[in-house]
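Everything on this sheet refers to the single structure shown next.
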Amino acid sequence: MSGDPARFLNAFAQALAAMALYRDGHPARERALDVAHQQIQDLQSDTARPLFTFLGDEVVFGRLPLRELKSWDWGKRLAQAGIQRLEFEDAVSREDFEGFLEEVLARLTLSAISTEARQMRRSSIRFGAVGLKGESELAPEPLPTATISFSLGEEVDTVRWLQREVQTTGAVPLVEAEAVVRSLAIAMHGGRQVMLPLLQLKEFDQYTTTHSLNVAVLSMALAEFLGLSATDVRTFGIAGLLHDIGKTKIPLEVLTKPGKLTAEERALMNEHPAAGARMLLEVEEDLDLAVVVAYEHHIMINGGGYPVLRYARDCHQASKLVHVCDVYDALRTRRPYREAWSFEKTLGYLEERGGLEFDPELCGTFVRMMKQWEGQVALLPDVSAFITTATPPPPGAKRERTGV
């Protein structure tokens with residue numbers, strides 16, 4: 001029988017409930033354990049290393065959200081108990097599976113668990129807070145530079161497809177944008193500590209794609225650093241990913257022009273925030289924050305920038321946050337008209353412009369974050385092999401579900 005991740009999780013929850021109700025050896029308890037164990041065996045027959053991540057209201061299998069389990073109550077309970085990530089590396093015996101469930105139940109009920117029981121835990125089942133590979137693995141000293149086990153090729157392909165759809169149809173495929181952000185969130189927490197997977201630009205005509213992904217990563221990192229909820233972090237990620245969607249209406253020769261823009265070209269470029277906001281307003285789903293960020297992300301704290309506001313007002317916190325991330329990535333990227341700035345020079349510029357161009361508090365927090373997490377930046381080459389197709393290549397382990 002083929003495995004189903006949602007069916008396994010429901011059996012997993014039923015087994016935990018039965019263990020809480022019935023004593024060891026009770027037929028109902030044993031039956032629920034047998035069903036859940038069979039489900040994980042079935043799942044492992046299809047997926048070598050099943051991985052679940054519990055992010056706020058979302059349950060993610062591998063890198064695909066399980067929409068049928070949206071707002072699944074057990075996901076929230078597991079996350080609150082410190083189990084945000086659950087991975088089965090090898091075949092799990094019935095005995096080991098029961099021991100694992102006993103520890104999960106102890107965490108959920110805040111019960112004491114013996115040292116002997118902890119030692120029985122097998123390394124084939126790893127779990128813990130997002131960012132940990134599992135408590136059963138001894139932690140090595142952090143490496144001086146971050147590493148990541150996969151590229152963002154599928155995410156790049158999806159964003160390029162998304163941008164092409166916007167160009168040709170005017171519609172913004174929100175489902176794919178949300179899938180990319182979830183995938184980025186998992187990539188950021190795939191190791192023992194938060195990681196910033198930032199793409200290095202390969203071709204100048206791919207700048208908008210690479211830049212959008214990097215701003216999404218930086219926006220989520222800063223939102224998380226500020227202590228925002230997991231849901232808010234992903235909402236900021238969507239806003240960061242879509243902040244430059246209006247540039248899809250600007251001719252490529254203008255976007256990649258090596259020399260100074262003419263007055264007409266500069267006016268065209270300055271229209272992209274309003275154009276992007278208009279596009280996002282037409283999406284049926286609630287994208288209010290992304291609309292505001294698309295419109296405001298080039299407005300300076302001193303009132304400069306564009307679009308020019310008729311009346312001075314404060315911009316949304318998300319707009320000011322994305323603005324800092326937007327400028328940072330733009331300056332750190334090689335462009336046709338200049339080389340990339342160094343890490344130190346870029347942070348120095350941000351600090352100098354705090355209170356003028358940028359919100360001083362957000363800017364200062366971003367600089368502190370980048371200095372603290374400098375060793376956790378993973379610079380990834382753009383290894384995607386984009387082929388224009390009628391359907392997008394959504395991020396995920398299974399293909400059938402198909403600035404400045």
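The values are calculated or read from the model by the stated rules, or taken from the named source; none is laboratory data. Bear in mind that the values here come from a model prediction, so they are computed numbers and not experimental data. Here the Cβ is made from the backbone with ideal geometry for all residues, glycine too, and neighbour counts use every protein chain on show.
Across region 334-371, the number of residues qualifying as among the hydroxyl-bearing types (Ser, Thr, Tyr) and under 21 Å from the mean Cα position of the chain (by Cα) comes to 1. Mind checking whether some residue in region 46-54 is surrounded by fewer than 16 Cβ atoms within 10 Å (Cβ to Cβ) and over 16 Å from Ile125 (Cα atoms)? Yes: region 46-54 contains one or more residues that are surrounded by fewer than 16 Cβ atoms within 10 Å (Cβ to Cβ) and over 16 Å from Ile125 (Cα atoms). Where helices (runs of 4 or more DSSP H) sit wholly within region 175-286, those with at least 3 residues that are of a type in the set (Val, Ile, Thr), out of contact with any Cys (no Cβ under 7 Å at 6 or more places or on another chain) and closer than 21 Å to Val324 by Cα occupy 207-225, 230-242. Looking only at residues of region 71-94 that are part of a helix (DSSP H, G or I) and either hydrophobic (A, V, I, L, M, F, W, C) or closer than 15 Å to Phe12 by Cα (or both), we find that the one that is modelled with the highest pLDDT is Arg94.
Within region 259-305, if we keep just the residues that are more than 31 Å from the chain's Cα centre (by Cα) and of a type in the set (Asp, Glu), the residue that is surrounded by the most Cβ atoms within 10 Å (Cβ to Cβ) turns out to be Glu265.
Given the criteria assigned by TED's automatic domain parsing to the domain that holds His272 and under 30 Å from Gly375 (Cβ atoms), does Leu162 qualify? Answer is no for this residue.
Take the conditions within 23 Å of Gly354 (Cα to Cα), modelled with pLDDT under 95 and more than 20 Å from the chain's Cα centre (by Cα) and apply them to Val308. Does it pass? If you could, list the steps in order and put the result at the bottom.
Numbers: within 23 Å of Gly354 (Cα to Cα): yes; modelled with pLDDT under 95: yes; more than 20 Å from the chain's Cα centre (by Cα): yes.
The answer is yes for Val308.
Among the residues making up region 3-32, those that are in contact with a Leu (Cβ under 7 Å, 6 or more places away or on another chain) and buried (at least 19 other Cβ atoms within 10 Å of the Cβ) are Pro5, Phe8, Leu9, Ala15, Leu16, Met19.
Yes/no matrix, rows are residues, columns are (1) crowded, with 22+ Cβ neighbours inside 10 Å; (2) out of contact with any Gly (no Cβ under 8 Å at 6 or more places or on another chain); (3) among the acidic types (Asp, Glu); (4) under 28 Å from Val367 (Cβ atoms):
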| site | (1), (2), (3), (4) |
| --- | --- |
| Val159 | yes, yes, no, yes |
| Leu199 | yes, yes, no, yes |
| Leu218 | yes, no, no, yes |
| Ala221 | yes, yes, no, yes |
| Arg234 | yes, no, no, yes |
| Val254 | no, yes, no, no |
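Out of Leu226, Leu174, Leu242, I need the residue that is crowded, with 21+ Cβ neighbours inside 10 Å and either under 19 Å from Asp57 (Cβ atoms) or not aromatic (Phe, Trp, Tyr) (or both). Which one?
Numbers: Leu226 fails: crowded, with 21+ Cβ neighbours inside 10 Å; Leu174 fails: crowded, with 21+ Cβ neighbours inside 10 Å.
Of Leu226, Leu174, Leu242, the one residue that is crowded, with 21+ Cβ neighbours inside 10 Å and either under 19 Å from Asp57 (Cβ atoms) or not aromatic (Phe, Trp, Tyr) (or both) is Leu242.
Summed over region 350-374, residues that are assigned to a helix (DSSP H, G or I) and surrounded by fewer than 16 Cβ atoms within 10 Å (Cβ to Cβ) total 8. Determine whether region 204-212 contains at least one residue that is in contact with a Ser or Thr (Cβ under 9 Å, 6 or more places away or on another chain) and of a type in the set (Asp, Glu). Within region 204-212, one or more residues are in contact with a Ser or Thr (Cβ under 9 Å, 6 or more places away or on another chain) and of a type in the set (Asp, Glu).
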